[in-house]
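No lab work stands behind these numbers, since they all come straight from the coordinates. Everything numeric in this text was worked out from a predicted model, so none of it was measured. Cβ: placed from backbone, ideal geometry, glycine included. Neighbour counts: every protein chain shown.
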Amino acid sequence: MGPHPAVAAIRLAVRRVLHDLLTEHSTDTTAHGTANTPLRAPAHATPGAPGAVGAPPVPAPAAPPAYAAHDPAHEQQSPPPLVLVACSGGADSMALASALAFEAPKLGIRAGGVTVDHGLQPGSDLRAEEVVLRLRELGLDPVESAAVSVGRDGGPEAAARDARYAALDAALERHGAAAILLGHTRDDQAETVLLGLARGSGIRSLSGMAAVSGADGRYRRPFLALDRQTARKACMVQSLPVWDDPHNADPAYTRSRLRHEGLPALEKALGKGVVEALARTAQLSRDDADALDAWARQAEASVRDAAGLLECAKLYALPPAVRRRILRRAAIEAGAPAGSLFARHIEEVDRLITGWRGQGAINLPGRVVAQRQGGRLVIRQG
């Protein structure tokens, strides 16, 4: 008898991500001349992946599989990749940790974990120690707790997120990990889309969280197609203890109010399926945003003069969505912090092109100034 459907679902989601990472690792090491033997896909490979039932046959390697016993011919073989899981002790991340611990050894991948102690609640250090113990009991190694100091920039939620990702980045670099798995679910994605909509953000914000993000694709989110209840059910049937963060139910936090009041009200008014529809909107928005970003990158060279300055007349001829992306990129390159550069800033700069009435310079975050001079748009440090 196979595992419970919830457990099977989370394991399959993690298996797919690990297959992707293993393929990338094999490609990278081969490109650098350190791996000459293709990795043999396991019998339980993801449907449609090389080596899966019904997929095109994969030739067996002439030499032993990668990461086998020592072979002088493979002394330069790189070690197996290490994948970490970011775990708070909640149901989503504990389900993710258990699936990683189950699937990684089958693929010859090392698996570890990290928990971040934000220090925002009494006893948070003890809670972090408990999470470390649970991860070790699952067989993960290395495992560590990272204590951070949360600032105030951008509000409590944004500050905690910035501190958390900084700690995760440091852990990845310290251990030389290939990636960190995050337990965001389809429900989290729906909340992110609604928050972006409430802020009046552009299509990039509405695209929510990417399945792969961060420098070099270091962050992977296997659960974006799974709901929160599936993860919780998987923990329950495996008797995995979970911790429910009281902040997740605190109405002082915007996301908490949205989770416990906003989304239920939408489902009551519109019927079931709101979460799935919002998650689908995120993917469609991401596809559109990626296409527009690519268009803007290609168009940027054509709107600059020989000195590299932006020509207002050529910018004016572009579709607004493409033009504003070019303006945003130019502002960031001039020193404006991306996280502080909002749509209203770019709209003001855009008016120097579309509504020119002799207005003065526009002040942007990071002491960056945008002004129109002789038919050129100059964006530089003020």
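Taking Cα centre as origin and charging only the Cβ of basic (Lys, Arg, +1) and acidic (Asp, Glu, -1) residues, the dipole magnitude of the range 304-381 rounds to 40 debye. In this simple spin-label model, placing a label point 7 Å from the Cα along the Cα-to-Cβ direction at both L133 and A249 gives a separation of 2.3 nm. Each of T23 and W295 was given a label point 7 Å from its Cα along the Cα-to-Cβ line. The distance between the two points is 2.9 nm.
For the range 221-276, applying the loop criterion from DSSP together with a ceiling of 11 other beta carbons within 10 Å to the trypsin sites (Lys or Arg not before Pro) yields K272. Taken about its Cα centre, the chain carries a charge dipole of about 1200 debye when Lys and Arg each add +1 at the Cβ and Asp and Glu each add -1 at the Cβ. Find which of A343, G155, S26 sits farthest along the positive direction of the dipole of the chain, computed with +1 on the beta-carbon of Lys and Arg, -1 on that of Asp and Glu, about the Cα centre. So the residue furthest toward the plus end is A343.
Residue-wise HN-Hα couplings along the range 328-342, as the Karplus relation 6.51 cos²θ - 1.76 cosθ + 1.60 with θ = phi - 60° gives them from phi, are 5, 4, 5, 5, 5, 5, 7, x, 6, x, 4, x, 9, 9, 9 Hz; Gly and Pro carry x.
Overall size of the range 304-381 from C-alpha positions, given as principal axis extents largest first: 28, 24, 23 Å. Here the 3J(HN,Hα) profile of the range 164-171, calculated from phi with Karplus coefficients 6.51, -1.76 and 1.60 at θ = phi - 60°, is 5, 5, 4, 5, 5, 4, 5, 5 Hz, Gly and Pro shown as x. As I understand it, the value is the acute angle between the Cα axis of helix 274-300 and the longest principal axis of the Cα atoms of the chain; what does it come to in degrees, rounded to 10? Helix 274-300 sits at roughly 60 degrees to that axis. Which one of Y165, G112, H4 is farthest out on the positive end of the charge dipole of the chain, using unit charges on Cβ (Lys, Arg +1; Asp, Glu -1) and the Cα centre as origin? The residue sitting most towards the positive pole is Y165. In a shell of Cβ-Cβ distance under 15 Å around T192, excluding T192 itself, what net charge do Lys and Arg (+1) and Asp and Glu (-1) give? The answer is +4. Rounding to the nearest 10 and keeping the result within 0 to 90°, find how far the Cα-based axis of helix 228-237 lies from the longest principal axis of the chain. The two axes meet at around 20 degrees.
Would you please give the residues with an amide H less than 5 Å from that of V143, counting only those at least 5 places away or on a separate chain, with H modeled from the backbone geometry? Those qualifying (amide H under 5 Å, at least 5 residues apart or on another chain) are G113.
Secondary-structure-derived ellipticity at 222 nm for the chain, considering helices only, amounts to -14000 deg cm²/dmol, per-run term -39500 (n - 2.57) for DSSP H runs with n ≥ 4.
Using the Cβ of A225 as centre and a radius below 15 Å, the other residues enclosed give a net charge of +3, where K and R count +1 and D and E count -1. Evaluated on the range 215-357, the Kirkwood hydrodynamic radius is 19.5 Å, with distances taken between all distinct Cα atoms. Other residues within the sphere of radius under 15 Å centred on the Cβ of V143, judged by their own Cβ, net out at -1 (K and R +1, D and E -1). Once the chain from D153 to S78 is taken as fully extended at 0.36 nm per residue, the excess over their C-alpha distance is 22.9 nm.
Compactness ratio for the chain: Cα radius of gyration over 2.2 N^0.38 Å (N = residue count) comes to 1.14.
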